[in-house]
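Working notes, beginning with the structure itself.
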Amino acid sequence: MIGKKLPFVTFRTRVRDESVGGPNPYRWQDMTTDDYFQGKRVVLFSLPGAFTPTCSTYQLPDFEKLFGEFQAEGIDEIYCISVNDAFVMNAWGKSQHLVNVKLIPDGSGEFTRKMGMLVAKDNLGFGMRSWRYAAIINDGAVEQWFEEEGYSDNCDSDPYGVSSPQNILEKLKAKVAA
Ligand code: BEZ
């Protein structure tokens, strides 16, 4: 995976725009992988679903809190991606009071599929979702890769540790390649 160029994908985001007027002033804004990743060194982490317990209680808030430490290690942005649409991702971001971490809605699963990380989670009634992984992406290419063990469809466990912010930060501080 190291050195892999990210697939070119267009994400359908929803952004607030007061000029739209009315009680729900949001419009569609297409964002491409280039818009998010070109010319930046970022952390990308991917998880099985917005609002799920481990992601909402530990992973996302911990990345949010540790953003300054990641910046000190030369990280420009932290992106969280999930196979959820823009409405769900926006609602999750609002509920988490995010300031630092940016959410990317991969509603169709196209990015996750092209990364080879799409798995069935029908056993949970979820359909196709992302296996847990994180990566350091440097100018659109994978510099370091952090994938949870046991990639599989309908996995009856949900390993979480390798892709935690604490583990990634430790590796960045030690200048250890994953
Ligand atoms: C969790 O983050 O705890 C979780 C993720 C997927 C399914 C169930 C729980």
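Check whether at least one residue in the range 55-68 is small (Gly, Ala, Ser) and either more than 13 Å from the ligand (Cβ to nearest atom) or open to solvent by 60 Å² or more (accessible area, probe 1.4 Å) (or both), and report yes or no. Yes: one or more hits. Just one of (1) over 15 Å from the mean Cα position of the chain (by Cα); (2) within 24 Å of Asp122 (Cβ to Cβ) fails for Gln29. It is (2). Taken together, Met1, Met31 contain a single residue that is in contact with a strand residue (DSSP E or B) (Cβ under 7 Å, 6 or more places away or on another chain) and at pLDDT below 95, which is Met1. Exactly one residue out of Pro23, Pro7 is at pLDDT below 95, assigned to a loop (DSSP other than H, G, I, E, B) and on the phi < 0 side of the Ramachandran plot: that is Pro23.
As for the range 102-111, it holds at least one residue that is within 16 Å of the ligand (Cβ to nearest atom), under 22 Å from Cys155 (Cβ atoms) and crowded, with 20+ Cβ neighbours inside 10 Å.
Working only within the range 29-54, note down all residues that are touching a Phe, Trp or Tyr at 6+ places or on another chain (Cβ under 6 Å), within 16 Å of the ligand (Cβ to nearest atom) and in a strand (DSSP E or B). Within the range 29-54, just Ser46 meets the criteria. Is it the case that the range 138-147 has a residue that's open to solvent by less than 20 Å² (accessible area, probe 1.4 Å), within 14 Å of the ligand (Cβ to nearest atom) and at pLDDT 95 or above? So far as the range 138-147 goes, no, none of its residues is open to solvent by less than 20 Å² (accessible area, probe 1.4 Å), within 14 Å of the ligand (Cβ to nearest atom) and at pLDDT 95 or above.
Once the range 153-168 is narrowed to residues that are open to solvent by less than 60 Å² (accessible area, probe 1.4 Å) and part of a helix (DSSP H, G or I), the residue that is nearest to Gly74 (Cα to Cα) is Ile168.
The values are calculated or read from the model by the stated rules, or taken from the named source; none is laboratory data. In this text, all values refer to a predicted model and were calculated from it rather than measured experimentally. A quick note on method: Cβ atoms are made from the backbone with ideal geometry, for glycine too, and the neighbour counts reach across all protein chains shown. What goes into the accessible areas is simple: the full protein's heavy atoms, side chains included, and nothing from ligands, DNA or RNA. Shrake-Rupley method; radii C 1.70, N 1.55, O 1.52, S 1.80 Å.
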